[in-house]
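Remarks on the structure that follows.
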2 protein chains.
Amino acid sequence: MTAPRIVHGGGVAAAARRFGGRPEDWLDLSTGINPNPAALPEVDVAAWHRLPDRHRQDAARAAAARYYGTSGALPFPVPGTQSVIQLLPRFAAAGRRAAVVSPTYGEYARVLENAGVAVDRIAGLNAVRDAHGLVVVVNPNNPDGRLFSREALLDLHRRVAGSGGLLVVDEAFGDMRPEAAIAPLAGDGMPGLLVFRSFGKFFGLAGLRLGFVIGEAPVVDRIEDGLGPWAVSGPALTIATGLMTADTAAIRRSIDARKAALESVLVGAGIDIVGGTGLFALVDHADAPAIHEGLCRRHILVRPFDYNARWLRFGLAPDATSDARLAAALAEVTAGR
Amino acid sequence: MTAPRIVHGGGVAAAARRFGGRPEDWLDLSTGINPNPAALPEVDVAAWHRLPDRHRQDAARAAAARYYGTSGALPFPVPGTQSVIQLLPRFAAAGRRAAVVSPTYGEYARVLENAGVAVDRIAGLNAVRDAHGLVVVVNPNNPDGRLFSREALLDLHRRVAGSGGLLVVDEAFGDMRPEAAIAPLAGDGMPGLLVFRSFGKFFGLAGLRLGFVIGEAPVVDRIEDGLGPWAVSGPALTIATGLMTADTAAIRRSIDARKAALESVLVGAGIDIVGGTGLFALVDHADAPAIHEGLCRRHILVRPFDYNARWLRFGLAPDATSDARLAAALAEVTAGR
């Protein structure tokens, strides 16, 4: 039995087939990606032409170490953290269970269960038991934004590693909260800890397919073996090297401003925000399904959740024009409710 | 026991560390990639920015179907065929063996054996037996260029599929010999046949990480599940769509001319060519190790083979200046031998 594929955000083509309009004319708020992509640094012809050679990977790893503040390991580039989630069943010890702090990004449980791993969807860190050989925490969490402190995660890590297990901390949305990130502590000397970082969300370049994993060499070696040679494209390595060594303060300010604008629109529409990260807001509303469909009819896509019909996740709009478009649509959709 | 990683071509950084020079100043003939990359079509900002959406993948699949001449299936894009080789153990039926027509691209046997699959390295198609549930043929073969006819492969396919097995035909170097390609026959109605195509070799864009698989829907579905969502970057899909629908005759002529120039240089140096494809030549020489090292000292990298010390594989040089550089180096290296 294979669990059905998950319908993620980003499916504007499917939405446009159902509700009309050209995909490029939709306002896609269904993902948690910086809506204003960072300006691309120059990509040399060799990055496109050659198999990605070691020196290009080394440069990206050094840039990522500086950006993430790691000292115990050089972050290892992967073609999106999804590609490593696909490998996670290999890290589930035979006879032990996996625990995924839930609700969260659905691919963890899906991939593990499809590979025959027994998964407990647990509500908090206290529910981790010795039977759990693999524990997954997304921090800050998607979609509710719950944020565990570094201390709480280190305490959990001691328990999990103490029983020979592996703790995976997915910091895909961690760029805006570096003070809570555990990535700087991962690497050699921290067995049983594996941190995932996403490149595309903060820099607004999700199409590039790039992430980093940070952990002890034996674990990262197994990931490298699982992905095989040349897993990450040359342009992705080159662009990451350029952007991670540049000044990222302007990107932070832009994301902060866009998030504040989104919150203003939602509050102005009388919609309660119940969670989020720097890159999205989660709202809770009794009429969420109708709001979702009403926005679709106006060619605005937000993210519903099959496990909670009251929730919608709103990503950031790129500019004030889009804010106004969303505000007008929400005013129509919620009128009279 | 895990087999050690394979040292492939493309390792100019490692060679430069040992023999000096900047990697970008080396003449890298160690891979089988068109040395003159196709001009990149325009890549829209959304390709970089968004998660690769369905309509972008659909456009690439339609372009690939036209380029490869498939009618029974839309080719499915993957981030390099290496990524699918990593998944091949899933297609090895329990209790049956795999056969790899050898010598060939080393990752097939390595990945299968690391996953616990018993692999027979067979010398020809006649050695395939009913015990083989998975059979791999690289056609034309890397590195010797051996080319099986379409009829021979169809005959083999009948035998393999008849016993419930899967025949993988890797046509990574097939673009210059479309008349021998079996890709146009793969897809629905051909159970047990899976064809791999490489995008980067012919178009000279190996850094992009893109390939296609062509097969029956149930097999391709399992590959899609194994790779997970958004495996291929947006720019890769967009560039492939543009180039595969453009006129490729000029690329063919350029590769043909570069191959003829390489053969002239090798023959002029008194070196016997024993095989090859449109994108590389295989030579056999008693002093191959000394030639390899002598070229390295002159910052030219060719591909040696740990399983045959008499072989070297020469990729295409980009232009007449590089031809002359190779010719001069070979004259020095072989002087007095």
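Summary table below
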| quantity | calculated |
| --- | --- |
| Peptide B:55-68, shielding by other chains (average Cβ, 10 Å cutoff) | 1 |
| P(r) weight above 18 Å for the range A:226-322, C-alpha pairs, percent | 59 percent |
| Nearest 10 degrees, 0 to 90: helix B:249-268 Cα axis against chain B principal axis | 40 degrees |
| Percent of beta bridges antiparallel (DSSP, chain B, rounded to nearest 5) | 50 percent |
| Cα-based reach from A:Lys201 at 15 Å (exclusive), listing aspartates and glutamates while leaving out same-chain residues under 8 positions away | A:Asp28, A:Asp170, A:Glu171, A:Asp175, A:Asp256 |
| For the range B:164-191 and the range A:215-247, distance of Cα centres in Å | 32 Å |
| Magnitude of the charge dipole, the range A:245-329, Cβ model with Lys/Arg +1 and Asp/Glu -1, debye to 20 | 160 debye |
| Whole-number percent relative contact order across chain B, with pairs defined as alpha carbons under 8 Å at least 6 apart | 24 percent |
| Choice from A:Asp144, A:Asp323, A:Asp247 showing the highest fluctuation, given a GNM over chain A with Cα pairs closer than 10 Å | A:Asp247 |
| Against the rule of thumb 2.2 N^0.38 Å, how large the Cα Rg of the protein assembly as shown comes out | 0.99 |
| When the convex hull of its Cα atoms is projected in every direction, mean area for the range A:38-85 (nm²) | 4.6 nm² |
| nm² value of the averaged projected area, convex hull over the Cα atoms of the range B:1-78 | 9.9 nm² |
| Sequence-separation-based contact order of the range A:147-240, relative, with Cα cut under 8 Å and 6+ spacing, percent | 23 percent |
| Angle between chain A longest axis and helix A:288-297 axis [Cα atoms, degrees, rounded to 10] | 70 degrees |
| Percentage relative contact order, the range A:84-225, counting C-alpha pairs under 8 Å, at least six apart | 18 percent |
| For residues of A:233-241, the mean tally of beta carbons on other chains within 10 Å | 4 |
| Residue-averaged [θ]222 nm for chain B, counting only DSSP H segments that reach four residues, each worth -39500 (n - 2.57) | -11000 deg cm²/dmol |
| Stokes-Einstein D for the range B:66-142, Kirkwood Rh over Cα pairs, 4 °C, 1.567 mPa s (µm²/s) | 96 µm²/s |
| Shape category assigned to the range B:271-337 from the gyration tensor of Cα positions, a/c cut at 1.5 | oblate |
| For the range A:35-189, diffusion coefficient by Stokes-Einstein and Kirkwood Rh (Cα), 4 °C, 1.567 mPa s, µm²/s | 76 µm²/s |
| For B:Glu179, inter-copy label distances in nm, listed shortest first [label point 7 Å out on the Cα-Cβ vector] | 7.2 |
| Over the range A:111-203, volume per residue of the alpha carbon convex hull, in Å³ | 114 Å³ |
| For B:199-205, mean number of other protein chain Cβ atoms within 10 Å | 3 |
| Choice from B:Pro178, B:Pro229, B:Pro191 with maximal GNM fluctuation in chain B (Cα, 10 Å cutoff) | B:Pro229 |
| Positive-end residue of A:Ala39, A:Val128, A:Gly187, charge dipole of chain A with Cβ unit charges | A:Val128 |
| Calculated on alpha-carbon atoms, Rg and Dmax of chain A in Å | 20.1, 61 |
| Inter-site label distance for B:Arg18 and B:Asn126 at 7 Å from Cα along Cβ, in nm | 3.9 nm |
| Spacing of the two label points (7 Å from each Cα toward its C-beta) at B:Ser264 and B:Thr245, in nm | 3.8 nm |
| Teacher prompt: A:Gly268 distances to equivalent labels in other copies, 7 Å Cα→Cβ, nm | 7.2 |
| Choice from B:Val111, B:Val213, B:Val100 showing the highest fluctuation, given a GNM over chain B with Cα pairs closer than 10 Å | B:Val111 |
| Dipole moment magnitude, nearest 20 debye, the protein assembly as shown about Cα centre, only Lys, Arg, Asp, Glu C-beta charged | 540 debye |
| Beta bridge orientation in the range B:112-246: antiparallel %, DSSP, nearest 5 | 35 percent |
| Other copies of B:Ala127: label-to-label distances in nm, shortest first, labels 7 Å along the beta-carbon direction | 5.4 |
| Between helix A:54-68 and chain A: long-axis angle, C-alpha atoms, 0 to 90°, nearest 10 | 70 degrees |
| Antiparallel %, DSSP beta bridges [both residues in the protein assembly as shown], to 5 | 50 percent |
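Values in this text are rule-based calculations from the coordinates and carry no lab data. All of these numbers come straight from a predicted model, not from anything done at the bench. Because the Cβ atoms are built from the backbone with ideal geometry, glycine has one as well, and the counts that use them run over all protein chains shown.
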